[in-house]
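Before I ask anything, here is the structure I am working with.
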Amino acid sequence: MRISGLYRMTPDKRREEIAKRMQIDPSVFKGLDMRSMDIEDLDGMIENVVGAFVLPVGIAANFVINGRETPVPMATEEPSVVAAASRIAACTEDFTARCPESIMIGQVQILDVPDMEGALSSIDRNKDGIVSSANAVDPVLVSSGGGAVDIETRSLDTPSGAMLIVHLLVDCRDAMGANAVNSMAEAVSPMLEDLTLGRALLRILSNLAVRRIATAEARFDRERLGGTEVVDDIMNAYHFACADPFRASTHNKGIMNGVSAVVRATGNDTRAVEAGAHAYASLSGNYGPLTSYRIDESGDLVGRISIPVPVGTVGGITKVHPGARACLRILGVNSASELGCVLASVGLAQNLAALRALSAEGIQRGHMKLHARNLAIQSGASVDEAPLIVQRLIAEGKVSASRARDILLSLRGSK
């Protein structure tokens with residue numbers, strides 16, 4: 001969504017402008033008000049509730065994903081994340097993204113199998129019956145076109161001995177699917193025990209969603225990024241991550257700064273997405289970056305990302321949390337696949353923003369400017385005074401709470 005000067009507007013003006021652009025009722029934003037849920041509602045979500053922990057939700061601008069202008073809500077406490085994603089999104093005309101499947105894996109661990117080859121063969125012969133047994137658990141999912149679709153098996157050697165691992169593949173459609181997958185895995189376990197003469201132990205989904213991969217690609221204008229030298233150094237930074245897992249972990253953390261902020265805003269499970277992403281980065285046997293970059297024939301930078309996206313737009317907290325519902329409305333997505341496309345696009349933009357900052361100016365410059373603004377506000381500065389304090393803090397290179405207070409007193413004393 002291309003809105004010039006969004007960061008200069010007041011929060012109310014931003015709401016008004018985004019609602020007008022997206023043709024949604026401005027009342028949608030009430031779900032993001034700090035008191036949008038009563039303590040009684042919160043008490044029904046987790047145990048021993050005493051209150052709520054509030055995070056700011058910002059809108060990353062300039063994103064065009066598969067030809068559609070997309071305002072991206074991000075729930076995060078970290079300064080510069082929203083601004084950085086917005087800046088990089090303005091360096092490309094469009095993110096081309098795909099998320100073709102919504103299949104999750106339910107794992108059933110079977111121990112004490114007396115005849116491994118015979119057990120594997122027995123499961124293979126009875127696949128249809130196992131799938132039917134699983135689908136009997138969730139007729140609603142099946143009626144929507146989803147449900148269990150296949151079975152995979154493998155023998156696994158471990159320090160505890162050989163184990164037979166069964167993967168139940170479940171099309172979760174627009175749900176994340178954890179509850180459905182877990183219920184199905186538990187339901188088929190007695191049948192698997194009969195077929196293998198073994199003992200089923202763990203029956204739970206895997207967060208390594210290798211059949212739920214979102215990809216995004218974009219061409220970023222060389223001059224908007226800062227020129228040929230900056231693009232060359234971005235490539236140097238990327239190749240560093242390819243060769244060194246210590247750097248790759250931070251490289252991927254930069255991706256998740258954006259991805260997790262959108263996952264959180266839409267009421268999805270940040271831990272599931274992060275666990276899957278980092279495991280996926282290790283599948284080759286070496287931990288590496290989730291993104292890749294190349295310079296095309298015109299000298300522009302082409303970036304690509306592949307990332308597991310076990311997320312949903314229905315079910316779970318997306319049904320009960322007004323903030324999550326509001327963010328999904330703002331995004332304008334109608335399916336888990338579309339949400340996956342947004343996550344991949346944001347992850348690519350966030351990663352490139354970090355690489356550009358590191359290569360061109362150092363990561364602290366942007367952080368310090370936003371930190372200075374926070375300190376100015378904390379010092380008690382008014383809307384008019386805060387920019388003057390920020391300007392002085394940055395110019396002096398002394399970004400601290402005590403210095404912000406001193407400058408505020410100086411400003412007020414000179415009036």
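In the stretch 121-134, which residue that is in contact (Cβ under 8 Å) with a residue 40 or more places away in the chain and in a helix (DSSP H, G or I) is surrounded by the most Cβ atoms within 10 Å (Cβ to Cβ)?
Step by step, filter the stretch 121-134, then rank; the result is Ala134.
If you don't mind, there's one more thing I want to ask. Go through the stretch 68-83 and give me each residue that's part of a helix (DSSP H, G or I) and either of a type in the set (Asp, Glu) or over 14 Å from Leu6 (Cβ atoms) (or both).
Once the filter is applied, which keeps residues that are part of a helix (DSSP H, G or I) and either of a type in the set (Asp, Glu) or over 14 Å from Leu6 (Cβ atoms) (or both), the stretch 68-83 yields only Val81.
Quick one: which helices (runs of 4 or more DSSP H) sit completely within the stretch 168-284 and have at least 3 residues that are touching a strand residue (DSSP E or B) at 6+ places or on another chain (Cβ under 7 Å) and at pLDDT 95 or above?
Counting at least 3 such residues, we get 178-196, 228-243, 245-265, 270-280.
Still on this model: When you go through Gly258, Gly285 one by one, which is the residue that is surrounded by fewer than 16 Cβ atoms within 10 Å (Cβ to Cβ) and small (Gly, Ala, Ser)?
Selected residue: Gly285, the only one of Gly258, Gly285 that is surrounded by fewer than 16 Cβ atoms within 10 Å (Cβ to Cβ) and small (Gly, Ala, Ser).
Restricting the search to the stretch 314-347, which residues are surrounded by 24 or more Cβ atoms within 10 Å (Cβ to Cβ) and closer than 16 Å to Glu101 by Cα?
Listed by number, the residues that qualify are Ala336, Leu339, Gly340, Cys341, Val342, Leu343, Ala344.
Same structure again: Select, from Val231, Val188, the only residue that is of a type in the set (A, V, I, L, M), under 27 Å from Ala349 (Cα atoms), crowded, with 20+ Cβ neighbours inside 10 Å and over 24 Å from the mean Cα position of the chain (by Cα).
Unique residue meeting the criteria: Val231.
Another question, if that's okay. Against the condition surrounded by fewer than 17 Cβ atoms within 10 Å (Cβ to Cβ) and in contact (Cβ under 8 Å) with a residue 40 or more places away in the chain, how does Gly118 come out, does it pass?
No, not satisfied.
Okay, residues lined up against (1) surrounded by fewer than 21 Cβ atoms within 10 Å (Cβ to Cβ); (2) touching a Leu at 6+ places or on another chain (Cβ under 7 Å); (3) at negative phi:
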{"residue": "Met163", "(1), (2), (3)": "yes, yes, yes"}
{"residue": "His167", "(1), (2), (3)": "yes, no, yes"}
{"residue": "Met176", "(1), (2), (3)": "no, no, yes"}
{"residue": "Ile204", "(1), (2), (3)": "yes, no, yes"}
{"residue": "Phe240", "(1), (2), (3)": "yes, no, yes"}
{"residue": "His251", "(1), (2), (3)": "no, no, yes"}
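Could you tell me which residue of the stretch 84-113 is farthest from Ala354 (Cα to Cα), considering only residues that are part of a strand (DSSP E or B) and β-branched (Val, Ile, Thr)?
For the stretch 84-113, the residue satisfying everything is Ile110.
Still on this structure, I have one more. Looking only at residues that are of a type outside the set (A, V, I, L, M) and outside any strand (DSSP E or B) in the stretch 48-67, which one is nearest to Val263 (Cα to Cα)?
Once the filter is applied, the top-ranked residue is Pro56.
Restricting the search to the stretch 152-167, which residues are touching an Asp or Glu at 6+ places or on another chain (Cβ under 8 Å) and either without any contact (Cβ under 8 Å) to a residue 40 or more places away in the chain or part of a helix (DSSP H, G or I) (or both)?
Thr153
Turning to a different aspect of this structure: How many residues does the stretch 362-394 hold that are part of a helix (DSSP H, G or I), over 32 Å from the mean Cα position of the chain (by Cα), among the charged types (D, E, K, R) and at pLDDT below 85?
1
Restricting to the stretch 395-412, name every residue that is surrounded by fewer than 15 Cβ atoms within 10 Å (Cβ to Cβ), assigned to a helix (DSSP H, G or I) and not charged (D, E, K, R).
Hits for the stretch 395-412 are Ala395, Ala401, Ser402, Leu409, Ser410.
Considering only residues that are among the basic types (Lys, Arg) and under 19 Å from Val64 (Cβ atoms), look in the stretch 15-32 and name the one that is farthest from the chain's Cα centre (by Cα).
By that ranking, first place goes to Lys20.
The values are calculated or read from the model by the stated rules, or taken from the named source; none is laboratory data. These figures come from a predicted structure and were not determined experimentally. Here Cβ is always computed from backbone atoms with ideal geometry, including for glycine, and neighbour counts include all displayed protein chains.
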